[in-house]
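Just so it is clear, none of the values below were taken in a lab; they were calculated from the coordinates. All of these numbers come straight from a predicted model, not from anything done at the bench. Here Cβ is always computed from backbone atoms with ideal geometry, including for glycine, and neighbour counts include all displayed protein chains.
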Amino acid sequence: MASNAISLRGVTVSYGQGPALDGIDLDIAAGATTAVLGANGAGKTTALNVIAGILKPTAGRIVDSTGAEVKGRTGIIRPGVAMSPEGRKLFGQMTVEENLLLGAYGLRDPRPNKDKMAEIFDMFPRVAERRRQAAGTLSGGEQQMVAIGRALMREPDLLLLDEPTLGLSPRIAGIVADMIARIAADGLTVVLVEQDAAVALALAKRAYVLVNGRIGISGEARDMDPREILNTYFETDARSGAQTT
Ligand code: ATP
């Protein structure tokens, strides 16, 4: 069986009120794509931030393939990990090239940056054509490619993608999904947070569906039906009794 790059064990995160994550166990298989699905507010980004090391769980542990606890400094992404955040968070006034370079900021040896950037431009030709353009002037899909490219500039062992197809038309979402498939085909460990179950299940080996901070279901992605997942786990607000304003 393939080993896990990282695992969450009994992880709970409380921001103050009820827990955003409630004692979850989650395995991220090395060299594969793991999908984390769920409706708005299910806890997907919280899980991703815990995996990244940005957020310290209120309870529970994060362990590596040997079972050793992985420690991090709160607020700082762990070495070897890169994230493309929800909403892309590009610097709109800066050029595409400048945004990409920011991805490699703080890496010890800046020289390979040029090679890595060339690789990213090869991967995303539409982005390459717009390299000197302000990132804010690009289309949503192109901006998403820059955000993924910026994460790849860190040359991560673990790539975290938070809702990469959010707000994109189905056609453009398909293009972005194909690119993620190509990136993952190189054996990179990827965690893909998505609301689009069909896209995520097509890309992932294993999937977890979060429902109000708990795992509603998990399993091999090929055994899961996106429509059933949507109907069963996305439609209902299982946080029974919770009031939303
Ligand atoms: P979305 O798809 O809308 O981004 P999500 O599944 O990623 O949702 P999270 O962003 O992890 O969900 O949020 C889970 C719960 O924790 C929500 O109820 C949210 O309001 C709450 N939450 C998230 N971040 C904070 C925070 N910094 N402070 C307080 N509550 C938070």
TODO: Express the Stokes-Einstein translational diffusion coefficient of the chain in µm² s⁻¹, to the nearest whole number, given a Kirkwood radius over alpha-carbon pairs, 37 °C and a viscosity of 0.692 mPa s.
DONE: 178 µm²/s
TODO: State, to one decimal in nm, how far the label point of A118 lies from the label point of A185, with both points 7 Å from Cα in the Cβ direction.
DONE: 2.2 nm
Open item on the list: Just to be sure I understand: with springs between alpha-carbon atoms less than 10 Å apart, which residue in R88, R130, R214 has the highest mean-square fluctuation in the Gaussian network model of the chain?
Closed with: R130
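Given charges of +1 on the Cβ of Lys and Arg and -1 on the Cβ of Asp and Glu, with all other atoms neutral, how large is the dipole of the chain about its Cα centre, in debye to the nearest 20?
Here the size comes out at about 660 debye.
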- [ ] Jot down the radius of gyration and Dmax of the range 87-156, Cα atoms only, both in angstrom.
- [x] 10.8, 32
Open item on the list: Ignoring solvent entirely, what values of log10 I(q)/I(0) come out of the Debye formula for the range 20-111 at 0.11, 0.14, 0.18, 0.22 Å⁻¹ when each Cα is a single scatterer?
Closed with: -0.41, -0.65, -1.01, -1.30
TODO: Compare N49, N40, N99 in a GNM of the chain, Cα atoms joined below 10 Å, and give the one with the largest fluctuation.
DONE: N40
Task: Computed E for K89/L166 - FRET, C-beta separation, R0 22 angstrom, nearest 0.05 - done: 0.95
